[in-house]
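The values are calculated or read from the model by the stated rules, or taken from the named source; none is laboratory data. Remember, it's a predicted structure, so these values are computed and weren't measured experimentally. Neighbour counts run over all protein chains shown; Cβ positions are idealised from the backbone, glycine included. The accessibility values were calculated without ligands, DNA or RNA, using every heavy atom of the protein model including side chains. Shrake-Rupley method; radii C 1.70, N 1.55, O 1.52, S 1.80 Å.
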Amino acid sequence: MAEIEQTERVGRVIKSALGYCKTLRNEFVMPEHLLLALVEDSNFNSALAAYCSPLTFANKIEKFLDDIEVVPQDIEYHPELSIQTGQVIDNAIKHVENSGAESIDITHLVKGLLELKDSWASYFLKDSIGDNEQDFMKELIDYCEYDDMIFDENIDDEAKSPKSSWKQLVTCMNDNYQMHNPLIGRDNELKRTIQVLCRCDKNNPLHVGEPGVGKTALVWGLTRLIEENKVPKRLQGSKIYQLDMGTLLAGTQYRGDFEKRIKQIMDGVQGESDNNIVYIDEIHTLVGAGAIGDGAMDASNMLKPYLESGKIRFIGSTTYEEYNRHFSRSKGLIRRFQQIDITEPSIDEAKNIIMQLKPRYEDFHGVKYTDEAISFAVEASAKHINDRFLPDKAIDLIDEAGAAMELAENAKTIGKKEIADVLSKTCKVEALSEAEDDDYKQLERLADRMLSQIYGQDEAIRQVVESVQMSRAGLLDDNKPLASLLFVGPTGVGKTEVARVLSKELGIPLTRFDMSEYTEKHTVAKLIGSPAGYVGYEDGGLLTDAIRKSPNCVLLLDEIEKAHQDIYNILLQVMDYARLTDNKGRQSDFRNVVLIMTSNAGAQYASHASVGFNSTVSRGEAMMKQVKKTFKPEFLNRLSGTVVFHDMNKQMATLILQKKLRELESKLEAKQVKMNLIPEAFEYLLKEGFTPEYGAREMDRVIAQRLKPLLMREILFGSLKNGGEITIGIKDGNLSIG
């Protein structure tokens, strides 16, 4: 028992029970000793007095204990807990854990004692209270709660009276309004709220808006106006009490406790003054709270009489999603509230709000924010953070930047760069280039760096690089992806490689989907999530989740023509509005995505382009003709560019072979091996690997099948075990070690 946290009352009861056991010279501390000690507790005694005489009850237990065998006086002993007393304590601990209480109290001990089987203590108590066990426990809990309040030093004398105990379950906002940010703007919404509160009937405003737009701040602003006496006469002297559902539900063990608390609060608020207001944040939680089945009384039904009377005015706040899901089901509740929409402030309004909040955050963090940093925080959060709302998301940015400065030495001024650093870390969005001029030099050389790795596809690289550069310059449509490109060309010419190199050079992840996995109609649903009721609904969408995780990436949809036709319908809204909604209604933002789709459509027709004596149709035109047949016009019309990749020629093949050999040489260096390739061996690899039909992949196969086996045998079993130099030549028409 000593290891369990317990109230002072329980400590006194246990000590007293042990004292009775020693006085009576009983060998074990039994539940009957515990029950006798409980009668000494004023709370238990008061609850028991409603059913029987506590003195008669105690005499009955003492008479029972007199018949118990005693330990002789000449023997020294230390009483131990009996098995049944151990069961009482175990039961009490279970009740503590189930109720969420912080420590074991006598209410838990009594409940544990009543649950004992074949126990005289349990029989005595049940016999005394009859069939009123539940009422007895409720009265005992009330006495204990009142007892705690009487001895709580933090509670003023007025609140210690039983009539004022409801104040422990609410928060008076009038006492704390100075601790919160002042309300800035929202004049129309505040005026409408005051107007509704001044009505004769249905004078209950309901604030509905997205999370973070300032619904709670509006009520704090109203509280400030009431305290500063800047409200109509009808509202002067009003007190606003905030109701918290968590506080109401905490510790309610028995049916009726929750309802009793609500009635206690409403009667207390109404009894104090006819001018009081009750504020219920997240008011949708009232619908169904406390109900134990369909049609049962819940908290919202209990409030209806008070809403109807007009003596207490209520202010509620909730989000659109929760309003539609929960609140709208209760038509009787909707009828009694006046809905006021709290919209997201514009960028200019958000800037004004944060500029006035700036001194508070400067004092807290000991830093200075430049005006440029505040503007950038609002604009960047509006552009890049899409699952939250202004001004909350912009305030988070400046607060996080201030916290970051506390870790840095001698850095006391926060500018655009510091805000951009926070944005890139917290939101995985690279906004540094918008704040830092040095990054433009990297962008300027982007095309050159890509051309040094991709050969012969200059047009494709130009279009990709221009799209990225234009987005950084702010010349692209803000509501579209950075680029939506369709790469068309034969296999092995570098379509996928361009996407890989781009992601590497930009330092952003490559998110690749092989569209051959989505050939069936039902598989396309996996990208945005299965419908409700189907297997996999809880998993969400593969594509939407990937973009939510990495909103700044290169999205590669490989071999798009192999996917089911439904994929094009999904991609239409991505290319048009840079938005995709999953099966749970959550939006993924594609505005910072470079969308690249590759296709082999029409490649097989390219070889027929020049057939005929006077044919003027180029290979690219022949392929584009087939592309227009494969893809729908509305799909092609939304692309920012369609790039035709050239077939591999000998010059491209030479450059690619040199690149592949450099990659192989870098691997050999790790093994301390140097490879020399004579010109004839290089020409052999080029001749075998240069096939317009299969592109660069044939080059990989030739190196893997002809060159690497020679090196492998020497490294594992031959002269290159400990490194060295090797020359590759030609012998009998094949590669050999020279």
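Some observations on this one:
- Restraint check, LYS416/LYS549; LYS521/LYS628; LYS412/LYS480; LYS417/LYS584, Cα-Cα greater than 32 Å: LYS412/LYS480; LYS417/LYS584
- Simple spin-label estimate for ASP448 and ASP700 in nanometres, 7 Å along Cα-Cβ: 3.0 nm
- Under 5 Å, built H, 5+ apart or other chain: amide partners of VAL278: TYR241, ARG313, PHE314, ILE315
- Among beta bridges that DSSP assigns inside segment 666-738, antiparallel share in %, nearest 5: 45 percent
- For GLN573 and ASN98, a Förster radius of 56 Å and the Cβ-Cβ distance give a FRET efficiency of 0.70, rounded to the nearest 0.05.
- In Hz, Karplus ³J(HN,Hα) per residue of segment 572-588 (6.51, -1.76, 1.60; θ = phi - 60°; x = Gly, Pro): 4, 6, 5, 6, 8, 10, 6, 9, 9, 9, 8, 5, 9, x, 8, 9, 10
- About its Cα centre, the chain has a charge dipole of approximately 3560 debye under the convention of +1 per Lys or Arg Cβ and -1 per Asp or Glu Cβ, with nothing else charged.
- Between the listed residues GLN195, LEU502, LEU113, the Cα displaced farthest toward the positive end of the dipole of the chain, a dipole computed from Cβ unit charges relative to the Cα centre, is found at LEU502.
- Contour excess over end-to-end distance, with Cα ends at LYS521 and LEU225 and 0.36 nm allotted per residue: 100.6 nm
- Between the residues ILE570, LEU580, ASN26, the greatest Cα displacement towards the positive end of the dipole of the chain, with unit charges on the Cβ of Lys, Arg, Asp and Glu, is found for ILE570.
- The share of accessible area on the chain that comes from carbon and sulfur is 49 percent, using a 1.4 angstrom probe.
- A DSSP coil position with no more than 14 other Cβ atoms inside 10 Å describes the following trypsin sites (Lys or Arg not before Pro) in segment 441-488: ARG445.
- Magnitude of the charge dipole for segment 15-151, about its Cα centre and with charges confined to Cβ atoms of Lys, Arg (+1) and Asp, Glu (-1), is about 160 debye.
- Highest mean packing first, where packing is the average number of other Cβ atoms within 10 Å per residue, the peptides 451-460, 590-599 line up as 590-599, 451-460.
- Placing a pseudo-label 7 Å from each Cα along the Cα-to-Cβ vector at SER42 and THR426 gives an inter-label distance of 5.2 nm.
- Estimated FRET transfer efficiency (MET470, ARG325; beta-carbon r; R0 45 Å; 0.05): 0.60
- Counting heavy atoms of the protein chains alone, TYR361 has an accessible area of about 30 Å² for a 1.4 Å probe.
- Here the spin labels are modelled as points 7 Å beyond Cα on the Cα-Cβ line, and at ASN176 and GLU362 they lie 2.9 nm apart.
- Accessible area of CYS198 in the full protein assembly, 1.4 Å probe (Å², nearest 10): 40 Å²
- Å² of accessible area per residue within the chain, as computed with a 1.4 Å probe and no ligands counted: 51 Å²
- C-alpha long axis of helix 187-197 to longest principal axis of the chain, angle in °: 30 degrees
- Stretchable slack from CYS52 to GLU5, in nm (0.36 nm times residue separation minus alpha-carbon distance): 13.7 nm
- With DNA, RNA and ligands ignored, accessible area of CYS52 (1.4 Å probe; Å², nearest 10): 30 Å²
- With 21 Å as the limit on Cα-Cα distance, the pairs of LYS687/LYS721; LYS167/LYS202; LYS687/LYS708; LYS708/LYS731 that go past it are LYS687/LYS721; LYS167/LYS202.
- The C-alpha atoms of the chain define a longest principal axis, and helix 133-150 lies at about 80 degrees to it.
- Amide proton proximity set for GLY724, modelled H, under 5 Å, gap of 5+: VAL673, LYS674
- Per residue, the average separation of C-alpha pairs within less than 8 Å and at least 6 apart gives the chain a relative contact order of 8 percent.
- Ranked by the mean number of other Cβ atoms within 10 Å per residue, highest first, peptides 400-407, 32-39 order as 32-39, 400-407.
- Taking amide H atoms as placed 1.01 Å from N in the peptide plane, the amide H of GLN339 lies under 5 Å from those of LEU206, each 5 or more residues away in sequence or on another chain.
- A Cβ-based charge dipole, computed about the Cα centre of segment 310-429 with Lys and Arg at +1 and Asp and Glu at -1, lands at about 840 debye.
- At R0 = 56 Å, FRET efficiency that the Cβ-Cβ distance of LYS625 and GLU669 yields, to 0.05: 0.70
- For the chain, share of DSSP beta bridges that run antiparallel, in % to the nearest 5: 20 percent
- Where Rh is the Kirkwood radius over Cα pairs, Rg/Rh for the chain: 1.15
- Acute angle (nearest 10 degrees) that the helix 257-272 long axis makes with the longest principal axis of the chain, alpha-carbon atoms: 80 degrees
- Residue among THR318, LEU286, SER530 farthest towards the positive dipole end of the chain, charges placed on Cβ: SER530
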